[in-house]
1. Restricting to segment 62-90, name every residue that is farther than 16 Å from residue 160 by Cβ and of a type in the set (Gly, Ala, Ser).
2. Of all residues in segment 138-183, how many are β-branched (Val, Ile, Thr), buried (at least 19 other Cβ atoms within 10 Å of the Cβ) and out of contact with any helix residue (DSSP H, G or I) (no Cβ under 7 Å at 6 or more places or on another chain)?
3. Can you tell me which residue in segment 9-64 is farthest from residue 94 (Cα to Cα), limited to those that are modelled with pLDDT under 80 and of a type in the set (Asp, Glu)?
4. Return the residue satisfying two criteria in turn: it lies in segment 112-130 and is surrounded by 20 or more Cβ atoms within 10 Å (Cβ to Cβ) and part of a loop (DSSP other than H, G, I, E, B), and of such residues it is modelled with the highest pLDDT.
5. So which residues in segment 184-197 are in contact (Cβ under 8 Å) with a residue 60 or more places away in the chain and surrounded by fewer than 13 Cβ atoms within 10 Å (Cβ to Cβ), if there are any at all?
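The values are calculated or read from the model by the stated rules, or taken from the named source; none is laboratory data. None of the values given here were measured: they were computed from a predicted structure. Don't worry about glycine lacking a Cβ; one is built from the backbone with ideal geometry, like all the others, and counts go over all protein chains shown.
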Amino acid sequence: MQLNPDLWLYVVHEGFWSAFGITLVVLKVFDRRRSTSPANATAPETLTARRSRLLIAFHALAFGLMYFGIAVAVFGMSVPFWFKGQRVAGSLVIGLGAFLMVWAMAHFRSWRFRARLDKGHELATRGPFRLLRHPIYMGLNLLALGSAIWVPTLILWIAVVWMVAGSDLRARAEERVLERAFGSVYRDYCLHTRRFVPGIY
């Protein structure tokens, strides 16, 4: 009986989510707070983005579609051949996403599901935040993209588009909150830092 090599995609995904979870636990255990903004800009009050729960639900549907598409193709033994080495390429893209998320979380630990700022929240502008405004969302986009490279089906590519759309909507909601909290400091930061892709978007 031949082992299905595409089952390894689940191992790669497990590595992605384990890196995320382990980083959260390690940072919580060591609890080292450090300033991330040259100006040490902090939020004057607690703010939450409008419709943040709805945006999370929209984004969650992209994950559901992605994992449904993976299961259909992998367990149905119907992963299309796109190019030689597509599994390796997909793994590398997912690995890059994991690295970006871990780097962002290690540099500035403010991750939460909802777009919410607590009073005293610091504006992060260093580390990966010097390159792009939303490295964690970009990490999720890379997870979906790498999965679609490994399993290049229509469902997976729709999931990529949905994931990027969900990330973009959530990023914009967060940016409105950040602009309310930090004003001109955040607007100046946005002028020099792209949302997802350095120098492009």
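1. Residues satisfying the conditions are 71, 76, 78, 85.
2. So the answer is 1.
3. If we take residues in segment 9-64 being modelled with pLDDT under 80 and of a type in the set (Asp, Glu), then 45 is farthest from residue 94 (Cα to Cα).
4. 125
5. Passing the criteria: only 197.
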